[in-house]
Amino acid sequence: MFTEVGDLLVDQLGVDSRVVDDVGADIIDAIGGAVRLRAVTDHVLAVLSAQAERVGIAKRSGMRTRELLMANGMAPVVADRCLRVGRALSELPTLHRH
């Protein structure tokens with residue numbers, strides 16, 4: 001499902017240099033929506049990173065989870081942050097709300 005949604009967004013938004021018309025309110029609304037979308041995406045990545053560590057997917061492939069994230073296009077510092085958040089989710093139950 002996530003691959004299909006990601007591909008759809010890339011197809012719809014990745015080609016044009018404009019996401020919305022040059023109308024102030026539309027731009028502001030789009031920025032707010034993109035920030036919320038990013039927050040959801042960051043949360044899903046943190047949960048998946050923690051899950052990948054828990055079940056040992058990367059280890060079975062001969063790498064660390066950080067390397068697995070980087071092999072999928074994540075920058076090293078972003079992979080580190082994603083792992084830190086994912087590891088903290090179980091200890092900080094309200095973290096996912098932020």
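Defining a contact as two alpha carbons under 8 Å apart and six or more residues distant in sequence, what relative contact order in percent does the chain show?
Reported as a whole number, the value is 22 percent.
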query: When the C-alpha atoms of the chain are aligned to their principal axes, what extent does each axis show, in angstrom, from largest down?
result: 48, 30, 25
- prompt: Counting Lys and Arg as +1 and Asp and Glu as -1, what is the net charge of the other residues whose Cβ lies under 13 Å from the Cβ of I57?
  reply: +3
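Enumerate the helices in the chain for which the Kyte-Doolittle hydropathy averages -1.0 or more and the C-alpha atoms extend at least 30 Å along the helix's axis, using complete DSSP H runs.
Numbers: long enough: 24-55 (46 Å, 0.67).
Within the chain the helices that satisfy the rule are 24-55.
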- line: Expected max-MSF residue from S49, S17, S61 in the GNM of the chain (alpha carbon, under 10 Å) is S17
- request: Would you look at the GNM of the chain, springs on alpha carbons closer than 10 Å, and say which of L13, L45, L37 moves the most?
  value: L13
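Counting helices only, and only those DSSP H runs with n ≥ 4, report the 222 nm mean residue ellipticity of the chain as the sum of -39,500 (n - 2.57) divided by its residues, in deg cm²/dmol to the nearest 500.
Working: 5 runs with 68 residues, N = 98.
The helix-only estimate for the chain comes to -22000 deg cm²/dmol at 222 nm.
Shape verdict for the range 41-98, please, from the Cα gyration tensor: rounded (a/c under 1.5), prolate (a/b greater than b/c) or oblate.
Details: a/c = 2.49, a/b = 1.52, b/c = 1.65.
Oblate, because a/c is 1.5 or more while a/b does not exceed b/c.
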- prompt: Once both labels are modelled 7 Å past Cα along the beta-carbon direction, what's the Q12-V40 spacing in nm?
  reply: 1.1 nm
statement: Across V78, V23, V55, the residue with the highest GNM fluctuation in the chain (Cα network, 10 Å cutoff) is V23
message: Given Cβ point charges of +1 (Lys, Arg) and -1 (Asp, Glu) and nothing else, what value in debye, to the nearest 20, does the dipole of the chain about its Cα centre take?
response: 840 debye
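Where a number appears in this text, it was derived from the coordinates with a stated rule and is not lab data. Since the model is a prediction, treat every value here as computed from it, not as a measurement. No Cβ is skipped: glycine too gets one built from the backbone with ideal geometry, and neighbour counts run over all protein chains shown.
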